[in-house]
Amino acid sequence: MDTETAEQLDRAEVCWETTLRKVRESDLKRTSGAGDWTNAELINHLIGGGVRYTKLLGQASTAEVEATRGADHLGDDMLESFWTHEREFRSLADSCDLTALVAHRIGNIPGEQLVQMRILELTLHAADLSRGIGSDWPIDEELAKFIFDELGDLIIALGAVGGYEPPRFSDDGNSYAQRVLLLSGR
C-alpha cells in the first residue's frame, strides 16, 4: 500500500474509533444515520466489513465472503472486535498484491480500490454513527480533502450500488467535510 493511502486509512480508522468510543449501551437500539439500521446494526456492518474485506484480499470465494453478512461481529467488546479485524485487514493489505482483482459483490475490482472503499466506509459510517448517537463527526479536514479530491469520482462511480445517495453539489464556502457529506448524498 502506498504511503499516502496508508496515512489516510490511519486517519479514517481514527475517525471511526473516536466515534465508536462515544457509543453508550443506550445508543445501540437507536436509529443510526444509515437508513433503517440501528446503531448496533451499523457497527456490526462496519466491523463485518473488515472481515469481508480481509477475505476478499485473501481471494476467498464469494460464498465464504457472503456467509459473513449474517454473523454477529460485535463480540463482548465492540472496539476490540473492530481492531482485531481491522489489524488483519491492514496486515494483508500491506503484504498482498493490491493490483490483483478481488471478487467484490459490485464486480471484480483491484485490491487498491477495495482499500479506498474501506477508507470511505470507515469515514462515512462514522458520520452515520455520529448522527445516530447525537455527536459531532470527528473527521479532520486533511482526510476530508483527500476523500473529496482523490476519492470523489469513486463515490460517484459507485453510486447506489455502493450505498451512496445521489450527490448534491455546493461549494458555497463549505468545508471539505461538508463537501464529502454532500458528495455522498448525506
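The residues of region 42-63 that are assigned to a helix (DSSP H, G or I) and modelled with pLDDT under 95, listed by number, are 62, 63.
Considering the conditions (1) in contact with a strand residue (DSSP E or B) (Cβ under 6 Å, 6 or more places away or on another chain); (2) open to solvent by less than 30 Å² (accessible area, probe 1.4 Å), residue 143 is excluded by exactly one of them, (1).
Restricting attention to region 13-43, the residues that are open to solvent by less than 30 Å² (accessible area, probe 1.4 Å) and free of Cβ contacts under 8 Å to residues at least 60 places away in the same chain total 2. Against the condition within 20 Å of residue 123 (Cα to Cα) and either open to solvent by less than 50 Å² (accessible area, probe 1.4 Å) or in contact with a Lys or Arg (Cβ under 7 Å, 6 or more places away or on another chain) (or both), how does residue 64 come out, does it pass? Judged against the criteria, residue 64 is not a match. Counting just the residues of region 67-82 that are without any contact (Cβ under 8 Å) to a residue 40 or more places away in the chain and assigned to a helix (DSSP H, G or I), which one comes out most open to solvent (accessible area, probe 1.4 Å)? This residue is 80. Using the structure shown, decide if residue 98 is outside any helix (DSSP H, G or I), in contact with an Asp or Glu (Cβ under 7 Å, 6 or more places away or on another chain) and touching a residue at least 12 places away in the same chain (Cβ under 8 Å). Yes: the conditions hold for residue 98. Note on region 85-133: among residues that are small (Gly, Ala, Ser) and over 27 Å from residue 177 (Cβ atoms), the one that is least open to solvent (accessible area, probe 1.4 Å) is 111. Pairs linking a residue in region 116-136 that is without any contact (Cβ under 8 Å) to a residue 12 or more places away in the chain to a residue that is in a helix (DSSP H, G or I), with Cβ atoms under 8 Å and 6 or more positions apart or on different chains, are 136/130. Put simply, of 110, 138 the only residue that is modelled with pLDDT of 95 or more and either basic (Lys, Arg) or within 25 Å of residue 39 (Cβ to Cβ) (or both) is 138. Total residues in region 47-80 satisfying the condition of being touching a Leu at 6+ places or on another chain (Cβ under 6 Å) and of a type in the set (S, T, N, Q): the figure is 1.
The values are calculated or read from the model by the stated rules, or taken from the named source; none is laboratory data. Source: prediction; values computed, not measured. For neighbour counting, all protein chains shown are included, and Cβ atoms are generated from backbone atoms with ideal geometry for every residue, glycine included. The area values use the complete protein model at the heavy-atom level, side chains included, leaving out ligands, DNA and RNA. Shrake-Rupley method; radii C 1.70, N 1.55, O 1.52, S 1.80 Å.
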